[in-house]
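Okay, structure first, notes after.
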Amino acid sequence: MRVASTAVFALGYRTMKKKVLVLGCGLVGATMARDLAEDRGFDVAVADLNPTNLDKLSGEKNIRTIQADLGEAEAVKEIAGDFDFAVGAMPSRLGLQTLKAVIESGKSFCDISFMVEDPTALDNLAKDYGVTVVYDCGVAPGLANMIIGHCHAQLEKTDSVVYYVGGLPKQRAWPYEYKAPFAPSDVIEEYTRPARLIEDGHEVVKPALSEPEAIEFRQVGILEAFNTDGLRSLLRTISAPNMKEKTLRYPGHCELMRVLRETGFFSKEQIEIGDRMVRPLEVTSKLLFDRWRLEPHEEEFTILRVIVEGTKANKTMRYTYDLYDEYHAATGQHSMARTTGFPCVITARMIVEGAFTKPGVFPPECIGAEPGLFDRMTEALAARGVTMTNEATEMD
């Protein structure tokens, strides 16, 4: 294990402050660390293996950096043990391992990792340690789940749930017309993992990238929506006969990704090339990294639309929530980092301050359903410049 600490806490450090650890210092992790560091009640540290990532926060007030191999569970457990709370912004492949290590350190945790595994498998472990965990706490899953949980709690019966989400560059550039705030391999996972939906009361599985449709948005025009596996915990926590999630891209992106997938470029199975065995996914991710990388001040946007329909007081209601957020030039914050990171740190504050302290592992829709917490979330997002519109319509 390699652990090295740099920088110092801000002057005026007081023992009554809460010590908060951010695991991962990529685009989103750095945004979360800066937000938490603005809170006078926190002393913040951020850990990452990559010194270049940590250098971005060097010298910033109330933040210290820790260089460590977070791929080692014991390193995570040892580091987290020195803090009062942790938030996670790790790659999906390390999500469950990191979650388990933080729980075993005896600390509560709020995480954005889009892990393949089911985090609730660690629910009993979290209860044994008396800690609170909220996972999938980004924009979608995350904020979308909170909206759905909030609407579901208002209705006597929920009939349908659908949400559309995407993060895109404002400047469309050939050939992909896309930039990724996350590792390309995590984005590719969305294009390969079969999509689970609820249709007519039954769970069905469809290929990712299936059933493309065109949707027009006032701010950006026509986008393309296709099936992805974003419902996750909603499949078991929300009782509705119809539910689906669709990802948004510029028109044409879906077909291009389907061609790459069906040709085998996203395969994890090794193939022989000359005297070497290689995984096509690793090669593809390497090739796409520079093409998909967001530049420091590149303008992009995040768009989310959630529609929930159901019955309330013998009336059929439709609740529609819309979020549109752009790159924030004044702070240099990318929209996807803001809309992903802010729900996580706002939820973390709720846990630290005692507003949500149930022991166990919880999906974000539980925050949305908890009285008062959804309003607190929307108010805190608005204070950071991330606003949503909503409309309740009585259907015929």
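The values are calculated or read from the model by the stated rules, or taken from the named source; none is laboratory data. Note that this is a predicted model, so its numbers are computed, not measured. Using ideal geometry, Cβ is built from the backbone for each residue, glycine included, and neighbour counts are taken over all protein chains shown.
For the stretch 110-125, the set of residues classified as hydrophobic (A, V, I, L, M, F, W, C) and out of contact with any Ser or Thr (no Cβ under 7 Å at 6 or more places or on another chain) consists of A121, L122, L125, listed by residue number. Just one residue in the set R232, R261 is on the phi > 0 side of the Ramachandran plot, of a type in the set (D, E, K, R) and in contact (Cβ under 8 Å) with a residue 60 or more places away in the chain; that residue is R232. Of everything in the stretch 212-240 that's of a type in the set (D, E) and either in the same structural domain as L27 (by TED's automatic domain parsing) or touching a Lys or Arg at 6+ places or on another chain (Cβ under 8 Å) (or both), which residue is farthest from T311 (Cα to Cα)? Only one residue fits best here, namely E224. Filtering the stretch 207-235 to residues that are more than 19 Å from the chain's Cα centre (by Cα) and either in a loop (DSSP other than H, G, I, E, B) or of a type outside the set (A, V, I, L, M, F, W, C) (or both) leaves P207, L209, S210, E211, P212, E213, E216, R218, Q219, V220, G221, E224.
Regarding A101, is this residue more than 29 Å from S335 (Cβ to Cβ) and within 21 Å of the chain's Cα centre (by Cα)?
Values: more than 29 Å from S335 (Cβ to Cβ): yes; within 21 Å of the chain's Cα centre (by Cα): yes.
For A101, the condition - more than 29 Å from S335 (Cβ to Cβ) and within 21 Å of the chain's Cα centre (by Cα) - is met.
Between E60, E78, the distinction of being over 13 Å from G24 (Cβ atoms), touching a residue at least 60 places away in the same chain (Cβ under 8 Å) and surrounded by fewer than 22 Cβ atoms within 10 Å (Cβ to Cβ) belongs to E78 only. Residue-level check: of (1) crowded, with 18+ Cβ neighbours inside 10 Å; (2) touching a strand residue (DSSP E or B) at 6+ places or on another chain (Cβ under 6 Å), R232 misses just (2).
Okay, residues lined up against (1) out of contact with any strand residue (DSSP E or B) (no Cβ under 8 Å at 6 or more places or on another chain); (2) over 23 Å from P184 (Cα atoms); (3) not polar (S, T, N, Q):
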position	(1), (2), (3)
D290	yes, no, yes
E299	no, no, yes
T302	no, no, no
G310	no, yes, yes
R349	yes, yes, yes
A380	yes, yes, yes
M395	no, yes, yes
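Taking the stretch 256-297 as the range and being in a loop (DSSP other than H, G, I, E, B) and either surrounded by fewer than 11 Cβ atoms within 10 Å (Cβ to Cβ) or not aromatic (F, W, Y) (or both) as the test, the residues that pass are G264, S267, K268, E269, Q270, G274, D275, R279, L294, E295, P296, H297. Among residues of the stretch 108-121 being more than 11 Å from the chain's Cα centre (by Cα) and surrounded by 23 or more Cβ atoms within 10 Å (Cβ to Cβ), the one that is farthest from P194 (Cα to Cα) is S108. Close Cβ contacts (under 7 Å, 6 or more residues apart or on different chains) running from residues in the stretch 308-324 that are outside the structural domain of G149 (by TED's automatic domain parsing) and within 12 Å of A392 (Cα to Cα) to residues that are of a type in the set (D, E, K, R) and part of a loop (DSSP other than H, G, I, E, B) are absent.
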